[in-house]
Amino acid sequence: MPFLSQKRLDAEIGALIPEITALRHTLHRHPDIRYEEHWTSDCIAGYLAQAGIHVRRGYAGGTGLVGEIGPDDGPIIALRADMDGLELQEITGLTYASEIPGHMHACGHDGHMAMLCGAAVVLARHAEKLRCRVRFIFQPGEEMGAGGALMVKEGVLDGVAAVFGMHGWPEFPEGTIALKPGYAMAGADWFSITVQGKGCHAAAPDSGIDPIVAAAHVVLSLQSIVSRELNPCEPAVVSVGRLSAGTATNIIPDRAELCGTIRTLSPEMQEKARAAVTRIAHGTAAAYGAKASVSFDSNSYAPLYNDPDMCAYAKQAVQAALGNHAFREVDSPSMAAEDFAFYLRQVAGAFLWLGIRRPGGDPPPLHSPRFDFNDAVLPAGIQVWISLAGAFPKTD
């Protein structure tokens, strides 16, 4: 028996959408960056409390929170939304644009929170009909903060039988859901390399050791990792995003610094690539008489693995909510990273991509200063959350 009739569910969600849209716009105006989501946390906690949902706060440094409804003796399904914005100056010109200079919701987390809040309100109204307990996780620090790892370490998955996440995705058409079983998103490492040379006058380079030349060769040599050291059948990326050195045109500096990222799709490839970056940086710098030191950010992200059985369950839930036409299974993974991977290492589940591309549009990509979440998909996201929770656990 369905959790609610589709007609009633459509009516309840439709009546709620103006409020959820307003909530999304409010969240968009007040983007908080990683582990500073105090205003956002207060806003979400207050909204859930008004719906009669018990909230536990203080996770992941203080801003993470968890709401819970449903029978005490039922299996637990967890649904997660990320909370943080980005350090980016918004240039959308929207009436509800960010009011915090240098910060904006450029990855759709405002939409993610609003959709999960909407689903929580509807599910809470009918909690007596649930066969499971539903845990709503609102997580800080997704953007390079590995907040998911902290939330898992602090026990948000204790007793959980399945966990699901969802992210707005400009690549897919508005209101569709895409899913990739198995490894679906890359693991990510962020590295910093300091090349130490010996400064001198630019007119007498022989009296010093040029760290810029050495660093330039390090950048070029790192490109051989993907082409010559890793399995060509497995996608991988090694990119240098920043190279800095010196303060004047006629001085060879003492040091140069470069920073970049590694993206791989398995723990084995991730470890092999890390070792190669370290070895190549040391060896290449030494070939030019310099020394290299290599460090990796402690917030390394694991590759994201979608459990095939949970993908099959999610497919059924999506098709029940939105129709068969709305679901698509994709073959290719994304080389973007997502700290929902830490949840999926602990408990079986799946990460869904919600299409937000407007008809006939070519939307700005995620992390663009022109990005804005598509309000038209709010009902679809809420429908999918409710369908996942309302049918759990699956019964034949």
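Conditions (1) farther than 18 Å from residue 296 by Cα; (2) crowded, with 16+ Cβ neighbours inside 10 Å; (3) among the hydrophobic types (A, V, I, L, M, F, W, C); (4) assigned by TED's automatic domain parsing to the domain that holds residue 339, marked per residue:
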residue: 207; (1), (2), (3), (4): yes, no, no, no
residue: 222; (1), (2), (3), (4): no, yes, yes, no
residue: 232; (1), (2), (3), (4): yes, no, no, no
residue: 271; (1), (2), (3), (4): no, no, no, no
residue: 274; (1), (2), (3), (4): no, yes, no, no
> In the range 40-56, what residues are exposed (fewer than 15 other Cβ atoms within 10 Å of the Cβ) and either within 25 Å of the chain's Cα centre (by Cα) or of a type outside the set (Gly, Ala, Ser) (or both)?
Replying inline: 42, 46, 50, 54, 56
> Considering the range 142-156 alone, what residues qualify as being touching a strand residue (DSSP E or B) at 6+ places or on another chain (Cβ under 8 Å) and either crowded, with 24+ Cβ neighbours inside 10 Å or at pLDDT below 95 (or both)?
Replying inline: 142, 143, 144, 146, 147, 148, 151, 156
> Of the residues in the range 23-60, how many are outside any loop (DSSP other than H, G, I, E, B), closer than 25 Å to residue 161 by Cα and in contact (Cβ under 8 Å) with a residue 60 or more places away in the chain?
Replying inline: 4
> Taking strands (runs of 3 or more DSSP E) that fall entirely within the range 292-366, which contain at least 1 residues that are touching a helix residue (DSSP H, G or I) at 6+ places or on another chain (Cβ under 8 Å) and within 30 Å of residue 268 (Cβ to Cβ)?
Replying inline: 304-306, 327-329, 349-357
> Is it true that some residue in the range 296-309 is farther than 30 Å from residue 152 by Cα and either among the aliphatic types (A, V, I, L, M) or modelled with pLDDT of 95 or more (or both)?
Replying inline: no
>> Given the criteria crowded, with 17+ Cβ neighbours inside 10 Å and not in a loop (DSSP other than H, G, I, E, B), does residue 118 qualify?
In response: yes
> Quick one: what pairs do we get from the range 1-12, first residue over 12 Å from residue 129 (Cβ atoms), second modelled with pLDDT of 90 or more and in a loop (DSSP other than H, G, I, E, B), C-beta under 6 Å, 6+ apart or different chains?
Replying inline: none
> On the given criteria, is residue 344 aliphatic (A, V, I, L, M) and surrounded by fewer than 19 Cβ atoms within 10 Å (Cβ to Cβ)?
Replying inline: no
>> Residues that are within 21 Å of the chain's Cα centre (by Cα) and not basic (Lys, Arg): does the range 282-295 have at least one?
In response: no
> Which of (1) farther than 30 Å from residue 79 by Cβ; (2) surrounded by fewer than 15 Cβ atoms within 10 Å (Cβ to Cβ) is the odd one out, the single condition residue 243 does not satisfy?
Replying inline: (2)
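The values are calculated or read from the model by the stated rules, or taken from the named source; none is laboratory data. Predicted, not measured: the structure shown is a model, and the values here were computed from it. With ideal geometry, Cβ positions are generated from the backbone for all residues, glycine too; neighbour counts draw on all protein chains shown.
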